[in-house]
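Undergrad: Below you will find the structure I want to go over with you.
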Amino acid sequence: SLKTGNEDKDEHAALQTYFTGLIHFQKGDLARARTEWERARSLAPESSAVMGDVKAALAKLEKEEASTREGRKK
């Protein structure tokens, strides 16, 4: 493997943080999900699969928050 220990650690930490955010999202705690996913994004190497998952999760969160805001306006 050409990866250094730090890259492995960052990707592993990012994956753990991503899953923590997923749990918060499933529980309806969108603020904590965002916090965890933003942290995962800062930990994940740009080329990692985790980064793709984090970006997709944040996009889904944006839609959920927009929907929630729309519901409050009615």
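The values are calculated or read from the model by the stated rules, or taken from the named source; none is laboratory data. Not measured: the values here are computed from a predicted model. Note that we place each Cβ from the backbone using ideal geometry, even for glycine, and neighbour counts take in every protein chain shown. Calculation scope for accessible area: heavy atoms of the full protein, side chains included, ligands and nucleic acids excluded. Shrake-Rupley method; radii C 1.70, N 1.55, O 1.52, S 1.80 Å.
Undergrad: Residues in region 45-59 that are small (Gly, Ala, Ser) and under 10 Å from the mean Cα position of the chain (by Cα): how many?
TA: Of the residues in region 45-59, 4 are small (Gly, Ala, Ser) and under 10 Å from the mean Cα position of the chain (by Cα).
Undergrad: I've got another one for you. Scan region 53-65 for residues that are open to solvent by 40 Å² or more (accessible area, probe 1.4 Å) and not charged (D, E, K, R) and report the count.
TA: 2
Undergrad: Can you pull out the residues in region 29-44 that are within 12 Å of LEU61 (Cβ to Cβ), open to solvent by 50 Å² or more (accessible area, probe 1.4 Å) and not charged (D, E, K, R)?
TA: Scanning region 29-44 gives ALA31, THR35.
Undergrad: Name the residue that is farthest from the chain's Cα centre (by Cα), counting only residues in region 12-28 that are more than 20 Å from GLU65 (Cβ to Cβ) and surrounded by fewer than 19 Cβ atoms within 10 Å (Cβ to Cβ).
TA: Step by step, filter region 12-28, then rank; the result is HIS12.
Conditions (1) modelled with pLDDT under 95; (2) aromatic (Phe, Trp, Tyr); (3) not in a helix (DSSP H, G or I), marked per residue:
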{"site": "ARG34", "(1), (2), (3)": "no, no, no"}
{"site": "GLU38", "(1), (2), (3)": "no, no, no"}
{"site": "SER42", "(1), (2), (3)": "yes, no, no"}
{"site": "GLU46", "(1), (2), (3)": "yes, no, yes"}
{"site": "ALA59", "(1), (2), (3)": "no, no, no"}
{"site": "ALA66", "(1), (2), (3)": "yes, no, no"}
